[in-house]
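The values are calculated or read from the model by the stated rules, or taken from the named source; none is laboratory data. The structure displayed is predicted, hence computed values, not measured ones. So basically every Cβ, Gly included, is an ideal-geometry build from the backbone, and we count neighbours across all protein chains shown. Please note that ligands, DNA and RNA were not included when accessible areas were found on the heavy atoms of the full protein model with its side chains. Shrake-Rupley method; radii C 1.70, N 1.55, O 1.52, S 1.80 Å.
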Amino acid sequence: MPAPARPVLLTGASGALGRQIAHGLGALGFPLRLTDVAPFPDPLPSGATFTAADLNDGVAILRLAEGCGTILHFGAVSVDRPFEEVIGPNIRGLYHIYEAARRERARVVFASSNHAIGFHERTEKLDDECSLLPDSYYGLSKAYGELMGRLYWHKHGVESVLVRIGSCFPEPTDARMLSTWLSYGDLVRLVERAVLADRTGCIVIWGASNNSRSFWGRDGREVIGWAPQDSADVFAPKLAGKTSGNKVAERYQGGMYAANEYSRPEDASCDASRYGG
Ligand code: 15L
């Protein structure tokens, strides 16, 4: 089983996705440095260390990244929250991650989100060149992260795998997730390939399983040799009728994130071909 020569830093290690990645890659023998503001709640995977750190602390992040070949950046506010709560971990923290990657010549695997494009309509089939269309301050921070990845690639040659994660949970729980679900197994295999791939440049990958109702199409997955193995389709009989009942949420890919605090007047219009309606 191949393992990377240089250590892999994982931020957000104590979160739901971080724990899956820590255990999944730990089992493959990856040399892991785990970090989070919260303690790691499980026994440490063999060969892993854990250091508590705040993404706002640039010196701590530089120190943690020393000698690392990859930074898996899964730490941040991960839900729709007010601007002031998002700005520290998701904006300043991201800058600290990219500065560390620049110094170490490390690759970044960034946990972006479908909420970076959440105001695209559900009737659209998107590819990796679609416009960024955030549906919340959280989604805006993910769009910013993707642009940060592009900046550091063009200016410094720092590679990024920007994973636009759909809904990564043990199982899909509503009709929207029949389109957006990413299984834990597919997530871990994606991250494994993103670490081991030879060269990636700066690519976007839709983080979704093999769902026939997917909103998303072409992306950079071939560059890393990843293909999802699971599918939300088997849950369709149970979930197809389980919609939100909210008109705005049902119209847009981001669902309730688009609907939260929505106050656009009914008759407002803009250039549909450029900005998604
Ligand atoms: C996300 O980005 C969130 O982290 C997660 O909690 C879900 O809301 C998910 O998107 C989703 O869109 O289902």
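Check whether at least one residue in segment 145-165 is open to solvent by 10 Å² or more (accessible area, probe 1.4 Å) and under 21 Å from D57 (Cα atoms), and report yes or no. Steps first, please.
Filtering segment 145-165 down to residues open to solvent by 10 Å² or more (accessible area, probe 1.4 Å) leaves 147-148, 150-157, 159, 165.
Now restrict to residues that are under 21 Å from D57 (Cα atoms): 148, 152.
Yes.
For segment 254-277, a residue qualifies if it is within 25 Å of the chain's Cα centre (by Cα) and at pLDDT 95 or above, and the qualifying residues are G254, G255, M256, Y257, A258, A259, N260, E261, Y262. Selection of first residues in segment 137-157 that are of a type in the set (A, V, I, L, M) and of second residues that are not in a helix (DSSP H, G or I), restricted to Cβ pairs under 7 Å at least 6 apart or on distinct chains, gives the following pairs, ordered by first then second residue: L140/P134; A143/L132; A143/P134.
Per-residue answers, yes or no, for (1) closer than 21 Å to S78 by Cα; (2) within 12 Å of the ligand (Cβ to nearest atom); (3) in contact with a Cys (Cβ under 8 Å, 6 or more places away or on another chain):
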| residue | (1), (2), (3) |
| --- | --- |
| V163 | yes, yes, no |
| W206 | yes, no, no |
| N211 | no, no, no |
| S231 | no, no, no |
| L239 | no, no, no |
| T243 | no, no, no |
| Y252 | yes, yes, no |
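Only one entry of R102, R81 meets the criterion of being within 13 Å of the ligand (Cβ to nearest atom), in contact with a helix residue (DSSP H, G or I) (Cβ under 8 Å, 6 or more places away or on another chain) and either at positive phi or open to solvent by 30 Å² or more (accessible area, probe 1.4 Å) (or both), and that entry is R81. From the list R213, R251, R218, which residue is under 15 Å from S167 (Cα atoms) and either at pLDDT 95 or above or among the aliphatic types (A, V, I, L, M) (or both)? Going through R213, R251, R218 in turn, the sole match is R213. Using the structure shown, decide if L187 is within 15 Å of the ligand (Cβ to nearest atom), surrounded by 18 or more Cβ atoms within 10 Å (Cβ to Cβ) and within 20 Å of F30 (Cβ to Cβ). It is true that L187 is within 15 Å of the ligand (Cβ to nearest atom), surrounded by 18 or more Cβ atoms within 10 Å (Cβ to Cβ) and within 20 Å of F30 (Cβ to Cβ). Hey, can you tell me all the residues within segment 82-136 that are among the aromatic types (F, W, Y) and under 15 Å from the mean Cα position of the chain (by Cα)? Result: F110, single match. Within segment 121-145, the residues that satisfy the criterion of being more than 13 Å from the ligand (Cβ to nearest atom) and either of a type outside the set (A, V, I, L, M) or closer than 26 Å to R6 by Cα (or both) are E121, T123, E124, K125, D127, D128, E129, C130, S131, Y144. Restricting segment 190-213 to residues that are open to solvent by less than 20 Å² (accessible area, probe 1.4 Å) and of a type in the set (S, T, Y), the residue that is farthest from the chain's Cα centre (by Cα) is T200. When L94 is tested against the conditions (1) open to solvent by 40 Å² or more (accessible area, probe 1.4 Å); (2) free of Cβ contacts under 8 Å to residues at least 60 places away in the same chain, the lone failure is (1).
Only residues that are under 12 Å from S179 (Cβ atoms) and either open to solvent by less than 20 Å² (accessible area, probe 1.4 Å) or among the β-branched types (V, I, T) (or both) were counted across segment 215-242, and they come to 5. Scanning segment 208-225 for residues that are in a loop (DSSP other than H, G, I, E, B) and farther than 30 Å from P237 by Cβ returns G220, G225.
Scan segment 35-60 and report the pairs whose first residue is over 20 Å from N90 (Cα atoms) and whose second residue is of a type in the set (K, R) and open to solvent by less than 70 Å² (accessible area, probe 1.4 Å), with Cβ atoms within less than 6 Å and a gap of 6+ or a chain change. What qualifies is T49/R33.
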